[in-house]
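The next block holds one structure in the form of structure tokens; read it before the comments.
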Amino acid sequence: MTTVGVLHPGEMGAGIGAVLRARDVEVVWAGEGRGPSTARRAADAGLRDVGTIGEMAAVADLIISICPPHAAIEVAESVARQGFSGTYLDANAISPGTAAKVAATVSAARYVDGGVIGSPPSERNRTRLYLSGAGAAELVPLLDGGPLEAVALDGDATAASALKMTYAAWTKGSAALLLALRGSARGHGVETALLEEWRRSQPDLLQRAEAAERSAVAKGWRWTAEMTEIAHTFAEAGQPSGFHQAAAEVYRRYERPAEADSAGA
């Protein structure tokens, strides 16, 4: 019986944990220092609270890290301090360079790189979890099934992070562009005229811009660091990084919701 630890169960982590629990996999989390919304999500997903990261490291065969990207290394350090020697799956939205730093941080463990594409898995949402590196293929039978599709990639050890970054570069990067250009039109007094022109010539853009605003209000505070990671990804490949440095500035203007828990939000 494999025991899986989830650090820390935000919407995505709790969703993946719930999928595993539905297949009778033992899933634990560490409630120490976590907020009430994280605890509620974990309980709803059927995760067992073992209290501390140290206890999780003692009982888990696999630890999955899904947290805001700015906390990825800090979370890895908290596991490394416990001497964890199982499999550590980092499924955060980070650049290949940052993923390599995480791998070095948890050097006593077997590192597997991960990248999640899609909304949290549920009856309505099918989510893909891309995996890369030594041991990636071995995790597929455990993680794949129901609304969660696990896919092992060929290539570099950090290929999953590279895929996640280049995918999100368009989805969230283009959303940031829509937010910025609509704000610019508003600042110049032509927003109404722009929206009318969109209705006439590009009717899908208005809906996309409204969806971008809703998402930014709810999660933009998380995406600031993700855009920075995408900028690093571009730079690592010799491409201009300014697109997503600007996108990070757009999302930086959205405040973090009061109910959001630190790394577990």
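The values are calculated or read from the model by the stated rules, or taken from the named source; none is laboratory data. Nothing here was measured: the structure is a model prediction, and the numbers come from that model. Cβ coordinates were reconstructed from backbone atoms using ideal geometry, including for glycine residues, and neighbour counts include every protein chain displayed.
Data table
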item: All positions within the stretch 79-115 that are closer than 12 Å to Ala162 by Cα and in contact with a Lys or Arg (Cβ under 7 Å, 6 or more places away or on another chain); result: Ala93, Gly115
item: Criterion: in contact (Cβ under 8 Å) with a residue 60 or more places away in the chain, farther than 24 Å from Gly118 by Cβ and part of a helix (DSSP H, G or I) - qualifying residue of Ala162, Ala246; result: Ala246
item: Out of Leu163, Leu178, Leu205, sole residue that is within 15 Å of the chain's Cα centre (by Cα) and of a type in the set (A, V, I, L, M); result: Leu163
item: Wholly within the stretch 40-139, helices (runs of 4 or more DSSP H) carrying at least 3 residues that are within 15 Å of the chain's Cα centre (by Cα) and of a type outside the set (Asp, Glu); result: 72-80, 96-105
item: Residue match in the stretch 227-239 (condition: closer than 18 Å to Tyr167 by Cβ and over 22 Å from the mean Cα position of the chain (by Cα)); result: yes
item: Residue list for the stretch 99-158, restricted to those being more than 27 Å from Lys219 (Cα to Cα), among the polar types (S, T, N, Q) and either surrounded by fewer than 21 Cβ atoms within 10 Å (Cβ to Cβ) or in contact with a Phe, Trp or Tyr (Cβ under 8 Å, 6 or more places away or on another chain) (or both); result: Ser107
item: Search result, residues across the stretch 50-68 that are modelled with pLDDT of 95 or more and buried (at least 22 other Cβ atoms within 10 Å of the Cβ); result: Ile53, Met56, Ala57, Ala60, Leu62, Ile63, Ile64, Ser65, Ile66
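Residue-by-condition table, conditions (1) of a type outside the set (Phe, Trp, Tyr); (2) modelled with pLDDT of 95 or more; (3) assigned by TED's automatic domain parsing to the domain that holds Ile73; (4) surrounded by 12 or more Cβ atoms within 10 Å (Cβ to Cβ):
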{"position": "Gly189", "(1), (2), (3), (4)": "yes, yes, no, no"}
{"position": "Thr192", "(1), (2), (3), (4)": "yes, yes, no, no"}
{"position": "Arg222", "(1), (2), (3), (4)": "yes, no, no, yes"}
{"position": "Ala231", "(1), (2), (3), (4)": "yes, yes, no, yes"}
{"position": "Pro240", "(1), (2), (3), (4)": "yes, yes, no, no"}
